[in-house]
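Values in this text are rule-based calculations from the coordinates and carry no lab data. Keep in mind it's a predicted model, so treat the numbers as computed, not measured. Methodologically, a virtual Cβ is constructed for each residue, glycine included, from the backbone with ideal geometry; neighbour enumeration extends over all protein chains shown.
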Amino acid sequence: MGAHLNAKTFGRSRRGVESGRRTSLYHDRVAVGDATRSTGGLRTDDELVAGSRMEQLNQYKVLARYNRWMNEQLYALAGELTDEQRKRDLGAFFRSIHGTFNHLLLTDRAWLARFTGDRALATVTASNGERIALRSLDQELFADFTELRRVREETDSFIETWVGTLTPDQLAAMLAYRDSKGRPYEHPLWWAVSHFFNHQTHHRGQVTTLLSQLGRDPGVTDLVVMLHEVPPSSGQEGAP
Amino acid sequence: MASLVEHFRAMAHNNLWSNHRLHKVCAQLATRDYFRDRGAFFRSIHGTLNHILLVDRFYVSAVAGEHAESGRLDGELYSDLPSLTAAQAVADRRLVALCEALTPERLEVVTRWTDSAGDTCQDPIHIVLAHLFVHQIHHRGQVHNMLSGTHVKPPQLDEYLLSHDAPLREADLGELGIAR
């Protein structure tokens, strides 16, 4: 099963490359087909560095897309399970699929509140209008899957929008914040942004194993497949 | 100075550190727990660790500009953890060295390899690295999840980049002989 699915990564997903179809999905300076280098070679060092800084932003845009794409797939699969299966304690760090989903939503929003300074992001709003504040890392924000999914989708759209507004200077600027125990910290914003996306991937990896253990194929999870096969603006219907 | 090169260097060090922590904990497992089929995508902790190394080696070769050819993705490179751990460390340090040598220009070099269907594929190095780093973390997350079902405590793996986690990784970085 594993070999079959991953064969897609190494085979089918590459077809667009030879035709150059994929280039605009990620990065507009890559001229696919040039085996050595794609950028003309006349830029100064400063321009190259500036280009690399822009590419760091592109990297985060891609990871924001990957986050949405993966969450759409995993929530769609989890939506086919019973509520008991989603909440079943399978011995994961946050016990269940439901527990891990809650943790990811909570931590994503806590970081977004730090990134933007908007304290409203450190809360979630239930469909009945009730505001729920983030308190602890294993807090259950929503018991109801539909509510969880709705706020997940809102949050993922927000992440993409926010990353789209970032500038290279903002990435390099210092981020000052206090942790849950009130201790102050300060470091470049990009450290935390890289951490933010790694953290998502780490916990989604856990969820895929929980899905496998419930007999569900987690599907294709490879970033490179998304880049080659999924149009940037696609919703759920675009996932392979 | 923030740049994509710096991001990839941090990710390569994160990978070295994370695998060190993960393998160290896996070494505490009873043999039957380590090999036990837990219904994961690559069945067991052993199967998933093998898959991580196999794919790492493949893409590291591609990034290094060597001819890389994909074999079976569920293949067993090593049948025991100590051999796997040693080989993983070699691959991880090679990836660190490659990332340390990266330049903005180098990121845009298009690298080619042969996929499991025998077709030639190509991508710029920055795409290969972006994919590889996500792949590693994704599968370590699976191993982490399986460890939660054993008697050993899974290590914290998602706290490399932040300064307030420095005390957490101090001992590991000493063992690895790196300061970052």
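So the values come out like this:
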item	result
Largest-first ellipsoid semi-axes for the stretch A:55-193, taking √(5λ) over the Cα gyration tensor eigenvalues, angstrom	27, 18, 14
Sum of -39500 (n - 2.57) over DSSP H runs of 4+, divided by residues of chain B (222 nm, nearest 500)	-19000 deg cm²/dmol
Rounded to the nearest 20 debye, dipole of the stretch A:55-229 from Cβ charges on Lys, Arg, Asp, Glu	480 debye
Among A:178-185, A:76-83, the order from most to least packed when residues are scored by Cβ within 10 Å on average	A:76-83, A:178-185
Gyration tensor (alpha-carbon) shape descriptor, chain B, a/c threshold 1.5	oblate
Residue among B:58, B:41, B:133 with the largest mean-square fluctuation in a Gaussian network model of chain B, springs linking Cα atoms under 10 Å	B:41
Relative exposure of B:125, A:132, judged by other C-beta atoms within 10 Å (fewest first)	A:132, B:125
